[in-house]
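Here's the structure, in structure tokens; my notes come after.
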Amino acid sequence: MELSSVILQISFLLIFGKMLAFGFVGPEERKCKYTRVEKLLKIRCYDMNLREVPQYLKSSVEVLDLSFNRIKKLKRSSFQPYRSVKYLLLYDNMIQTVEPGTFSHLTSLQEIDLSNNALYTIPLELFQLPSLRNLYVDSNRLKDLERDLEALDRPIKAPLEYLNVADCELNDIPDLGILPHLWHINASMNPLLDLSVERFANMCRLKSIDLTRTQLSECQCQQTNNHLRALAVKTKFVPVCVETLDPSICPLPYNFTIDSETFHTCQTSLAKAEARNLWIFVAGCGGGILVVLLLVWYCIHRKRKRRNKKLRAAAMHRKSLVISPKNAINKKEMEFHCNHNDELLCCDTA
């Protein structure tokens, strides 16, 4: 009997371990950690062997960490409960497929990390999210990206500022159209054999770029360096050209970059965005000042109203003048005297 009990316990532990390893344990056993990061609600489901996005988490989550799991497919319903998420970490999974509409409802999303997965392309709906600033898709085999970008609606709605496409087997920098807010791009560890210097015309705000461990030709290297230096972009992580080619062999890039219509359009878009942000800031300050003035006026008005109410209440409860009996008798005699005489003037001497 005792041997049978021991065998059952061992079998249960083995089965439970297998279920835990393959992500079959229910939500009551798999506990994600809830924390606060700069007042944002963060849920960390890190390295839990999850095979899909859990649906039992708090819907108000703002930072969702699902990294180091076994997720292979993102469904349309995967993030339906989590519409408030701002930072989504999905790196080091096995994601191969993303259904259309998976991210389209995440209008508050500011950053997503899809690095170290098995993606062949970037979901195009990400480029239409109105708040997305940082996009990490490094260490994926994006062999279908160039073809899929032909269907991309340009200009994109996402105000991208940081783009990481390192180690994605790319032969050129992705053509995302005008990117007036982009200040950094990491395209390192890509062949970039077909790099088009015209792509830099879309990035009029570029401040730094990483092109280390690429296979740029001498002309591509020279054109890239000339363009970046003209914009005072940091070239610390840009390959150094071995030799200087004659302009007849390697034309200067400026006609295709800083002097192009695309570059000027990008600058115009950036100026409009900055002006809009300035007006929003001014309007916000003006609205704040107006609210403060209204609150001050309301407090003063309410204080005066209370004071007047107290004065009226005091006046209503004030005692009337008390007349002594002697003065009351004299007053009555004087009234009788005035009523029975034809005097023009009667004086109250009480």
In Hz, Karplus ³J(HN,Hα) per residue of the stretch 244-257 (6.51, -1.76, 1.60; θ = phi - 60°; x = Gly, Pro): 9, 8, 5, x, 5, 8, 10, x, 5, x, 5, 5, 9, 10
Calculated from backbone phi, Karplus (6.51, -1.76, 1.60) coupling profile of the stretch 155-168 in Hz, x at Gly/Pro: x, 6, 8, 5, x, 4, 10, 9, 10, 10, 10, 5, 6, 10
Inter-label distance for residue 235 and residue 151, nm, one decimal - labels placed 7 Å from Cα along Cα-to-Cβ: 4.0 nm
Shape of the stretch 114-161, Cα gyration tensor, a/c cut at 1.5: oblate
Two-site FRET efficiency, residue 96 against residue 47, from Cβ-Cβ distance with R₀ of 25 Å, rounded to 0.05: 0.80
Zone residues, the stretch 284-307, relative to residue 315, backbone N less than 20 Å from point 7 Å out along Cα-to-Cβ: 301-307
Backbone HN-Hα couplings from phi across the stretch 133-139 [Karplus 6.51/-1.76/1.60, Hz, Gly and Pro as x]: 10, 10, 10, 10, 10, 5, 6
Residues whose placed amide H lies under 5 Å from that of residue 170, excluding near-sequence neighbours: 192
For the stretch 175-194 versus the stretch 139-159, the gap between their alpha-carbon centres in whole angstrom: 12 Å
Theoretical FRET efficiency, 1/(1+(r/R0)^6), r = Cβ-Cβ of residue 299 and residue 56, R0 56 Å, to 0.05: 0.75
Å² of accessible area per residue within the stretch 163-233, as computed with a 1.4 Å probe and no ligands counted: 35 Å²
For peptides 32-45, 69-82, sequence by mean Cβ density within 10 Å, most packed first: 69-82, 32-45
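The values are calculated or read from the model by the stated rules, or taken from the named source; none is laboratory data. The structure presented is a predicted model; accordingly, all values stated were derived computationally and were not measured. For neighbour counting, all protein chains shown are included, and Cβ atoms are generated from backbone atoms with ideal geometry for every residue, glycine included. Keep in mind that these areas ignore ligands, DNA and RNA; they rest on the heavy atoms of the full protein, side chains included. Shrake-Rupley method; radii C 1.70, N 1.55, O 1.52, S 1.80 Å.
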